Amino acid sequence: MDIEALRTYVTGLKEGIEEAFPFGPDTLVFKYGGKIFLLMALDEVPPRINVKCDPDRALELREAYPAIIPGYHMNKKHWNTLILDDSLPAKLVQQLVADSLELIAAKLPRGKR
C-alpha cells in the first residue's frame, strides 16, 4: 500500500478528520477531534506510519510481523510503526488505521465523536 492510497483511505474514514504538518514537511499527521491517530513519514523509503494500538494487540502484531515495530518517537506501549514494504496485507494496514481512529474517538467527549 502506498502513501497516497492510504491517505485517500484515511480521509474517507470519518467526517472531521484533519490533516496537518505540525512537525515539519516530512511528517503528515492525521487528527480526529484534535487528537492524533496517524502519522506518516513522507521522507522514508519504504514509507512508515505510526498508529495507536491496544497494548496487548500491539505486542501480538510485533511478534507476528517483522514490519511492525514499536512506535518511532512515540509511546512504545500504545503505538506501533508499520513499515509499508509490501509485506503487510493492505487490509491489515487499513484495519490498524481504522482501529487507531476508533481508539482516539472512543476517548473523546460524546459531542466530539
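What follows draws every value from the coordinates through simple rules; no lab data is involved. In this text the structure is predicted, and so the values were computed from the model without any measurement. All Cβ positions, glycine included, derive from the backbone under ideal geometry; neighbour counts span all protein chains shown.
Table for the structure above
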| quantity | calculated |
| --- | --- |
| Under the Karplus curve 6.51 cos²θ - 1.76 cosθ + 1.60, θ = phi - 60°, whole-Hz ³J(HN,Hα) for the range 25-40, x wherever Gly or Pro sits | x, 9, 10, 8, 10, 10, 10, 9, x, x, 10, 6, 10, 7, 10, 10 |
| Rel. contact order, % - alpha carbon contacts under 8 angstrom, at least six apart, the chain | 24 |
| Estimated FRET transfer efficiency (LEU42, LYS107; beta-carbon r; R0 35 Å; 0.05) | 0.80 |
| Placed amide H near LEU42: partners under 5 Å, 5+ positions off or other chain | THR27, LEU28 |
| Unit charges on C-beta of K, R, D, E only; dipole of the range 3-105, Debye | 260 |
| Calculated FRET efficiency for the pair ALA20/ASP85, C-beta based, R₀ 25 Å, to 0.05 | 0.45 |
| Prolate/oblate/rounded label for the range 68-113 (Cα gyration tensor, a/c 1.5) | oblate |
| Peptides ranked, highest mean first, by Cβ atoms within 10 Å: ranges 16-23, 47-54, 81-88, 58-65 | 47-54, 81-88, 58-65, 16-23 |
